[in-house]
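Participant: Got a structure for you, written out below as structure tokens; questions coming shortly.
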Amino acid sequence: MAYPRSSQPLFAGAGVSRQYVISIVKCYKGSRMSDAEKKRIQQLREEIRRHDWLYYVQASPEISDRRYDELMDELKALEAANPELITPDSPTQRVGGEPVGGFETVEHAEAMLSIDNTYNADELRAFDARIRKVLGQGVAFHYVVEPKIDGVAVSLLYEDGTLTLAATRGDGRRGDNITANTKAIRAIPLCLHGGGFPARLFVTGEIYWPRKEFDACNERRAAEGLEMFKNPRNGTAGTLKQLDPKVVAERRLDFRAYGFRAEPEWQVERVTQVVNKVKGFGIPVNEMTPCGGLDEVNAEIDRWSRRRAELDYEIDGVVIKVDEIAIREALGRTSRYPRWCIAYKYETERAETVLRSVDFQVGRLGTITPVAHFDPVALGGTTVSSASLHNFDQVERLDLRVGDTVMVEKAGEIIPQVVEVLRESRPGDAQPIAPPQTCPACGAKTSRDAGGVYLRCVNPECSAQIRERLRFFAGRDQMDIDTLGPAVIDQLVTRGLVKHFADIYALRKEEIAGLERMGEKSAENLLAAIEESKSRGPARLLAAMGIRHVGGRVAEVLIGHYEGIDALAAASQEELTEIDEVGPVIAATVCEFFASDAGRETIARLKNAGVKMSVEKRRQADEANLPLVGKTVVVTGTLEGFSRREAQDAIKMAGGKVASSVSKKTDFVVAGDNPGSKAKTARELGVETIDCQEFLKRIGRS
Ligand code: IVH
């Protein structure tokens with residue numbers, strides 16, 4: 001589906017530096033607002049909205065988070081210089097408001113109903129039979145099947161294309177006005193895209209917390225000694241009750257719509273006919289599969305149940321709905337449920353087993369986590385025999401003892417949980433679980449952290465911590481050394497060859513070849529992979545060091561600012577705090593790390609080993625000789641031997657600019673397999689299109 005574009009060609013350069021943004025603002029400040037500047041604000045807003053749409057509706061982002069932030073920074077700077085031009089639907093206004101004092105209650109234009117549940121094929125057949133009986137013979141209709149996302153329902157109102165109200169379900173008739181918080185969710189457009197939208201559009205859908213973001217937030221909370229959220233659904237509900245929209249923005253919630261009503265009404269027969277229209281408005285819509293009859297519905301139920309474990313969100317079943325709008329109306333509702341839809345809920349799988357032991361795992365930051373080991377049980381298609389107990393508060397809450405019979409559950413969470421102790425089955429000799437006084441790996445004394453929930457080993461030389469830190473360092477999102485797997489790491493640490501992750505750069509071939517199941521060839525491969533990791537760049541290196549609160553995102557922001565580890569190390573705490581997204585806690589931790597002996601030694605050793613510490617700065621003379629200087633290039637389709645990101649990096653390294661969309665300013669388009677609409681646009685505009693071979697030639701790599 002095409003995104004409705006403005007008639008303006010959109011600016012789409014490569015990186016815009018902060019200096020650049022500051023200088024634009026300076027020059028704007030000194031002069032009267034010109035038409036060009038107004039136009040630029042419009043272009044930026046349009047461009048940002050388009051990237052939100054690409055990311056959330058199309059699930060195919062064209063630019064990096066970094067680039068997105070740069071666009072946003074530029075817009076913020078321009079608006080700060082010209083506050084009279086700020087409009088409520090500007091993307092900068094998502095967290096523009098002040099914290100609210102509380103939530104006002106609002107009445108829903110149409111009651112938000114609940115859905116009746118079924119748990120098996122018979123109940124589903126009964127639902128289908130009921131509908132057919134009511135409709136009488138010869139009335140044909142279709143179903144749609146969609147995932148039942150386990151989040152929080154919300155209703156949105158767009159008036160003349162602008163989001164004016166968002167409310168929780170509440171008791172179905174009245175809910176809380178959560179408009180300010182909803183605006184902080186990037187997936188929800190502040191204004192509809194394109195045109196042709198109805199005067200009033202009511203959208204219902206689910207706000208949820210993507211698993212990855214949820215885990216990242218819980219990890220940060222654990223590191224800060226804060227209580228973790230029990231599951232994404234609870235976390236979402238808690239987040240939407242926050243009085244400060246900034247907190248909502250940070251947590252990166254997502255949204256999918258499943259209900260649409262327009263005033264004046266759409267003249268269509270089926271809901272699925274509205275979906276493309278709504279997506280075109282920039283609203284992400286829940287996945288919906290049209291199904292002819294029950295057989296197809298059952299196949300969808302199975303398909304979703306198989307996909308469930310791999311989804312980035314939790315579902316507790318699927319929803320089966322009649323697609324035809326007139327038939328929905330004819331079927332009507334009971335006091336609580338519509339008669340045209342039903343939820344097929346997946347059973348929460350539970351099993352009884354006996355807790356045999358609890359051991360304690362030490363994380364890379366020293367956190368000690370109790371892990372339960374029980375008699376193996378079959379749950380959700382796999383056999384499980386262990387489950388994290390998270391922390392000692394949890395052990396106490398459950399009143400868990402070794403020897404207890406326990407219930408283990410694998411509900412929405414794909415990870416099994418011990419949810420209950422069957423007290424009546426407790427044997428006389430059941431053993432209480434005491435928090436260890438000493439670290440199970442190194443024997444150092446343990447201590448409770450400030451919040452009191454977590455127990456830690458504070459010995460930085462603890463072998464378990466070293467192992468975990470090295471695993472993290474070599475992880476895919478950090479230094480990405482895939483041949484350095486857990487088995488090799490275990491041996492390296494146990495044999496004392498590695499005491500610190502920096503030691504891997506001093507490993508010799510004969511040391512590695514001496515490990516179990518390591519021949520000469522694999523030792524060479526591992527060394528080559530370690531060598532290659534030196535060039536990952538400072539942002540990934542910074543994240544890999546595992547400084548508390550400094551994950552991949554924060555590392556990118558910091559390096560985006562300072563371009564290298566040395567410059568970052570020299571920054572003061574005050575300076576760091578001034579950066580967007582860097583709060584006092586992060587600033588303090590970063591400064592503390594670089595001021596510590598251990599931190600300084602780590603940096604010195606990595607530097608000595610030749611690990612890349614800064615973003616490459618080329619001399620101007622060299623730069624002018626690069627093959628793509630002054631060229632703006634667009635990449636489309638799949639290029640052989642290049643990921644999208646690699647192709648873009650190659651263009652930048654060759655001195656060129658990467659653009660996300662084709663315009664007359666584009667010098668050429670590199671088209672791989674299955675090129676999209678961009679190749680077509682290029683043809684229409686008469687922009688040169690080249691293939692992968694020619695591309696290699698032009699960047700000097702043929
Ligand atoms: S339709 C009148 N579709 O499930 C029908 N609901 O148990 C209204 N939910 O409150 C809802 N995914 O929070 C619908 N694809 C989906 C859904 C869905 C999740 C939630 C929603 C609703 C609850 C009812």
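Participant: Sum -39500 (n - 2.57) across every DSSP H segment of at least 4 residues in the chain, then divide by the residue count to get the 222 nm mean residue ellipticity, nearest 500.
Facilitator: -11000 deg cm²/dmol
Participant: While we're here: Can you run phi through the Karplus equation (6.51, -1.76, 1.60; θ = phi - 60°) for segment 501-517 and list ³J(HN,Hα) in whole Hz, with x for Gly and Pro?
Facilitator: 4, 5, 4, 5, 7, 10, 5, 9, 4, 5, 5, 6, 5, x, 6, 4, 6
Participant: Moving to a separate point now. Using alpha-carbon positions, what is the distance between the centroids of segment 390-433 and segment 568-645, in Å?
Facilitator: Segment 390-433 and segment 568-645 have Cα centres spaced 46 Å from each other.
Participant: Follow-up. Over segment 564-702, what is the relative contact order in percent, taking alpha-carbon pairs closer than 8 angstrom and at least six residues apart?
Facilitator: Relative contact order, segment 564-702: 19 percent.
Participant: I would also like to ask the following. Considering only DSSP beta bridges with both partners in segment 245-401, what is the antiparallel share in %, to the nearest 5?
Facilitator: Percent antiparallel among DSSP bridges in segment 245-401 is about 95.
Participant: Using the Kirkwood radius over Cα pairs, work out the Stokes-Einstein diffusion coefficient for segment 366-412 at 37 °C and 0.692 mPa s, in µm²/s as a whole number.
Facilitator: Using the Kirkwood radius from Cα pairs, D works out to 277 µm²/s.
Participant: If I model a spin label at Thr105 and Gln573 as a point 7 Å from the Cα along the Cα→Cβ vector, what separation in nanometres do I get?
Facilitator: 4.6 nm
Participant: Given Gly317, Tyr68, Ala372, which one lies farthest toward the positive end of the charge dipole of the chain, if we put +1 on the Cβ of every Lys and Arg and -1 on the Cβ of every Asp and Glu?
Facilitator: Going by the charge dipole, the pick is Tyr68.
Participant: Cα-based Rg (one decimal) and Dmax (whole number) for segment 660-702, in Å?
Facilitator: Considering segment 660-702 through its Cα atoms, Rg and Dmax are 10.4, 29 Å.
Participant: Of the options Phe127, Thr162, Ala77, report the single residue whose Cα projects farthest towards the positive end of the charge dipole of segment 68-187 (beta-carbon charges: Lys, Arg +1; Asp, Glu -1).
Facilitator: The one lying farthest along the dipole's positive direction is Phe127.
Participant: Next question, about the same structure. How big is the convex hull of the Cα atoms of segment 350-491, per residue, in Å³?
Facilitator: Per-residue hull volume (Cα only) is 144 Å³.
Participant: Ok, one more. Using mean Cβ contacts within 10 Å as the protection proxy, how do 159-171, 279-291 order, highest first?
Facilitator: 279-291, 159-171
Participant: Choose one of Ala569, Ser425, Pro435: the residue whose Cα lies farthest towards the positive end of the charge dipole of the chain (beta-carbon charges +1 Lys, Arg; -1 Asp, Glu; about the Cα centre).
Facilitator: About the Cα centre, the residue reaching furthest to the positive side is Ala569.
Participant: Using θ = phi - 60° and the Karplus curve 6.51 cos²θ - 1.76 cosθ + 1.60, what whole-Hz ³J(HN,Hα) does each residue of segment 474-491 get, with Gly and Pro shown as x?
Facilitator: Once θ is set to phi - 60°, the couplings for segment 474-491 become 7, x, 4, 7, 10, 7, 6, 10, 6, 6, 8, x, x, 5, 5, 4, 3, 5 Hz.
Participant: Determine the relative contact order of segment 162-254: mean sequence separation of Cα pairs under 8 Å and six or more apart, normalised by residue count, in whole percent.
Facilitator: 34 percent
Participant: In debye, nearest 20: dipole of segment 133-218 around its Cα centre with unit charges on the Cβ of K, R (+) and D, E (-)?
Facilitator: I would put it at about 160 debye.
Participant: I want to verify the translational diffusion coefficient of segment 482-557 in µm²/s; compute it with Stokes-Einstein, Rh as the Kirkwood radius over Cα pairs, at 37 °C and 0.692 mPa s.
Facilitator: 244 µm²/s
Participant: How much of the pair distance distribution for segment 592-702 lies past 24 Å, counting alpha-carbon pairs only, in percent?
Facilitator: Of all Cα-Cα distances in segment 592-702, 40 percent exceed 24 Å.
Participant: Return P(r) of segment 283-428 (all Cα-Cα pairs; 10 Å bins starting at 0; whole %; ordered from short to long distances).
Facilitator: Histogram of Cα-Cα distances, whole percents per bin: 10, 29, 25, 18, 14, 5, 0.
Participant: Oh, and also: Can you bin every Cα-Cα distance in segment 499-648 into 5 Å intervals starting at zero and give me the percent of pairs per bin, rounded to whole numbers?
Facilitator: 1, 8, 14, 16, 14, 14, 13, 11, 6, 2, 0
Participant: Counting only C-alpha contacts under 8 Å and six or more residues apart, can you give the relative contact order of the chain as a whole percent?
Facilitator: Computed value for the chain: 10 percent relative contact order.
Participant: Next question, about the same structure. Measuring from label point to label point, each 7 Å out along Cα→Cβ, what is the Ala450 to Ala126 span in nm?
Facilitator: Output for this residue pair reads 5.6 nm.
Participant: Which links in Lys39/Lys183; Lys183/Lys230; Lys499/Lys612; Lys212/Lys279; Lys279/Lys410; Lys212/Lys509 stretch past 28 Å when you go from one Cα to the other?
Facilitator: Exceeds cut-off: Lys279/Lys410; Lys212/Lys509.
Participant: Could you state how much accessible area Leu192 has, in square angstrom rounded to the nearest 10, with a 1.4 Å probe and all protein chains kept in place?
Facilitator: 10 Å²
Participant: What area, in nm² and to one decimal, does the C-alpha convex hull of the chain cast on average over all directions?
Facilitator: One quarter of the hull surface, i.e. the mean projection, equals 36.7 nm².
Participant: Over the Cα atoms of segment 232-331, Rg to Rh with Kirkwood Rh, two decimal places?
Facilitator: Result: Rg/Rh = 1.02.
Participant: Oh, and also: Size of the dipole of segment 441-572 about the Cα centre, Lys and Arg at +1 and Asp and Glu at -1 on the beta carbon, nothing else charged, in debye to 20?
Facilitator: 480 debye
Participant: Per Stokes-Einstein, at 4 °C and 1.567 mPa s, what whole-number D in µm² s⁻¹ belongs to segment 87-238, with the Kirkwood radius over Cα pairs as the hydrodynamic radius?
Facilitator: The calculation lands on 70 µm²/s.
The values are calculated or read from the model by the stated rules, or taken from the named source; none is laboratory data. Since the model is a prediction, treat every value here as computed from it, not as a measurement. For neighbour counting, all protein chains shown are included, and Cβ atoms are generated from backbone atoms with ideal geometry for every residue, glycine included. Ligands, DNA and RNA are excluded from the accessible area calculation, which covers all protein heavy atoms including side chains. Shrake-Rupley method; radii C 1.70, N 1.55, O 1.52, S 1.80 Å.
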